[in-house]
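Visitor: Please find one structure pasted underneath; my questions will follow.
The values are calculated or read from the model by the stated rules, or taken from the named source; none is laboratory data. The model shown is predicted, which means the values in this text are computed figures rather than measured ones. Cβ coordinates were reconstructed from backbone atoms using ideal geometry, including for glycine residues, and neighbour counts include every protein chain displayed. When the accessible area is computed, the model is the full protein with side chains, heavy atoms only, and any ligands, DNA or RNA have been set aside. Shrake-Rupley method; radii C 1.70, N 1.55, O 1.52, S 1.80 Å.
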Amino acid sequence: MKTSFSTFIFILILSFSTNAQSTPEPLYHDVYPFLERMAQKGVIQFNDEIRPLPRKYIFEKLIEVEEKVREFRSLGFRKFRITEMEIEELEFFLRDYNLEINLVNSEQSASGGTVNSDQLSVNSKQQAASDNQQSVQTIYSITQSPNHTSASGGIHPRQAESDPRQYNQTDYSIIPISHDSSGSLFWLKDVLGRYRFFSYSSDLFKVNVDPIFGYDVGKQNGESYSHFWNGARMYGYISNWLGFSFDFRDNSVDSKNGDINLNFTPETGYVISRRKPNHFEYERTNTEISASWSWGRVAIGKTPIVWGYGESGNLVHSTKAPSYPLVRLDLTLAPWLRFNYFHGWLSSDVMDSAASYPTYREGQNRIVLRNKYIASHSIILNPVTGVSVSLGESVIYSDKLEPLFLFPLMFFRAADHYLSNGLGGNNSGANSQFFLGLSSRNNIPNTHLYGTFFIDEVTIGDIFNPKKQRTQYAFQLGASVTDLPIDNLTFTTEFTKIYPFVYRHYIPTQTYENHGFLLGDWMGHNSDRIYGALNYRFIRGLQATIWGEYIRKGGDGVVDDQYIVPQPPFLFGLRKYYTRWGVTAKYEIIHDLFVRLRYNNFLTSEEQTDGSFTDSKVDEFYFAVYYGM
């Protein structure tokens, strides 16, 4: 605890020396796929290998897209890479960043009119206002040229053109609009026309607060299902050095046929707080305090983290496991070089019998769990435009906090050897992993090619000896194409293969898990998956996705199988074959207010000991209305 407290104090001290703020954009926000498509079409360079990303960075990228709209317009319609609908989406997304506009303007005022950020500078002015010296900020909005601006000012809906050649006649530009940024509002539109439950902005303190609520009802193989959730989200900035965010959701589920334990689904795991027949409850909480400066960012909180790309799953760090407390550091050291480090506190679910003790109530013991930790660091290289190469290492260790793993530049495998002193072999060591990510955007027009390679264990000396090798690794290859041949249509396909015993470990406090849920791909070891999806966006906010996947999965084996040579072959044991497909349609009526329809069809074929197969089928249909995503 002393070391953890010292680390926290160090972060706070470092934060005081910073001159910019930062708060994360939740992973579920639709602005991520929008900016991914913009990068895939070569409109911008988007550094999203490790997510979530700061809202300020996302705002800057949206402004960069707007600047490219004007640039592409001058090239003529044939080279115009952004569709009419994407311009409407851009206008819509920009309305969500009222605090970041004030933040950028405040920084520009302090620095003399220019904000330095990753590949973007936004110029504006901060003017003096009347006798009370209230600050007047410059608000950016996407509209047509000044000739099309109404007398009321603000963001104007763009008139749709039936003839695409009229793109050449329309000037999409950023129009500065002055307003008084001080004060607060309840259930009113903010200066960008977006409804807020509560919003306040001053030079010292900026905050948005919104409720979260939703109701999802449906059928699971004919049996009723309902899911109700409510909570709140808050985020904002304090002065010029601190950002904060808080997201809480209380969930109540009634289900007869559902998989309560989420054993074989990409849905994020949870810790059940209350359970009774056909009913259970759980909570989700994410929070963060962060600070950033011109070339880096540091944060402490409880947040999810995703490493690499993958629509059907992520091999390295995914959203399958519940979020956990962590300290995160991100550095941009050069236009072509970035660095990430984080250290997290995991839940082992393993009782420490020596530390547990009786209470004053007979038969009721105080249960103490074994400590479990993760440390991870990565470097991301951008050798040429549109290409990124990511190299990373992580380690799962337990029992006590080790200062060596708190050093961002430490070689974790070497630290493990040092700490174990060569005594006891694996019994006194940790569980380390290596991973590699590759990404290429728009080097083939409108196409994103990506891959991830994850090494859990490899015996270098015997790698080419089939009788002695013990190689446990996984890989994923994916491709996405957008706007070809139809505008606003995106096709994605992926292949993922996870060899036997990846993520596994014989020491229960060193498995690649948090609260019993995998940190990596939800499919688990000894399996592979072919996945494909088509997503079409009909109008701004209305989209539909049809997806399908075919999964093969072998047996789990026993612990000792992992350490015999040669290791068992891929798909050893009794096999299961999963054929799954589904359709999802959702519409964002106004910011954060959604309606959603889902249909899923699951067919499972399970091998029996006599070699035969038994089939089972699940049909699911859901309708949801929710606010707050």
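Visitor: Give, in nm to one decimal, the length gained when the segment between Leu401 and Val389 is fully stretched (0.36 nm per residue of separation minus the Cα-Cα distance).
Guide: Between Leu401 and Val389, full extension yields an extra 1.2 nm.
Visitor: What figure, in Å² to the nearest 10, do you get for the accessible area of Glu588 with a 1.4 Å probe and non-protein molecules left out?
Guide: Around 10 Å² of this residue is reachable by solvent.
Visitor: Which value in nm describes the separation of the simple spin-label points at Thr614 and Tyr28, placed 7 Å from the Cα toward the beta carbon?
Guide: 3.6
Visitor: Same structure, new question: Contour minus end-to-end for Phe339 and Ser353, with contour as 0.36 nm per residue of separation and end-to-end as the Cα-Cα distance?
Guide: 1.1 nm
Visitor: Provide the per residue accessible area, probe 1.4 Å, for the stretch 341-419, rounded to a whole number of square angstrom.
Guide: With all protein chains present, the stretch 341-419 gives 55 Å² per residue.
Visitor: Of Lys400, Lys56, Lys41, which has the most accessible area with a 1.4 Å probe, and how do the rest follow in descending order?
Guide: So the residues, ranked largest to smallest area, are Lys400, Lys56, Lys41.
Visitor: Can I ask one more? Explain nothing, just the number: dipole magnitude of the stretch 446-541 about its Cα centre with +1 on each Lys and Arg Cβ and -1 on each Asp and Glu Cβ, in debye rounded to the nearest 20.
Guide: Approximately 160 debye in magnitude.
Visitor: Given R₀ = 56 Å, what would the calculated FRET efficiency be for Leu438 paired with Gln364, taking r from the Cβ atoms and rounding to 0.05?
Guide: Result of the calculation: an efficiency of 0.55.
Visitor: Let me ask you something else. For every other residue with a beta carbon closer than 12 angstrom to the beta carbon of Asn601, add +1 if it is Lys or Arg and -1 if Asp or Glu, then tell me the sum.
Guide: So the surrounding residues net to 0.
Visitor: Dipole magnitude of the stretch 485-629 about its Cα centre, charges +1 at Lys/Arg Cβ and -1 at Asp/Glu Cβ only, in debye to the nearest 20?
Guide: Approximately 420 debye in magnitude.
Visitor: What does the charge count near Ser612 come to, summing +1 for each Lys or Arg and -1 for each Asp or Glu among other residues with Cβ under 14 Å from its Cβ?
Guide: Net charge in that neighbourhood comes out at -2.
Visitor: Could you look at the stretch 226-334 and say what percent of its accessible area is carbon and sulfur, using a 1.4 Å probe and all protein chains?
Guide: 55
Visitor: Expected output is a single nm value to one decimal: the length gained when fully extending between Ser428 and Asp556, i.e. 0.36 nm times separation in residues minus the C-alpha distance. What is it?
Guide: 43.6 nm
Visitor: Just to check, using Stokes-Einstein with a Kirkwood Rh over alpha carbon pairs, what's the diffusion coefficient of the stretch 549-625 at 10 °C and 1.306 mPa s in µm²/s?
Guide: For the chosen part, D equals 101 µm²/s.
Visitor: What number, in percent, do you get for the relative contact order of the stretch 497-555 if the mean sequence gap of Cα pairs under 8 Å and at least 6 apart is divided by its residue count?
Guide: The normalised contact order for the stretch 497-555 reaches 31 percent.
Visitor: Taking the Cα-to-Cβ direction at Leu484 and at Phe228 and moving 7 Å from each Cα, how far apart do the two end points lie in nm?
Guide: 4.9
Visitor: Another question, if that's okay. Calculate the dipole size of the stretch 224-304 relative to its Cα centre from +1 charges on Lys and Arg beta carbons and -1 charges on Asp and Glu beta carbons; express the result in debye to the nearest 20.
Guide: 80
Visitor: Can you check what the net charge comes to around Lys276, using other residues whose Cβ is under 15 Å from the Cβ of Lys276 (Lys, Arg +1; Asp, Glu -1)?
Guide: Counting the neighbours of Lys276, the net charge comes to +1.
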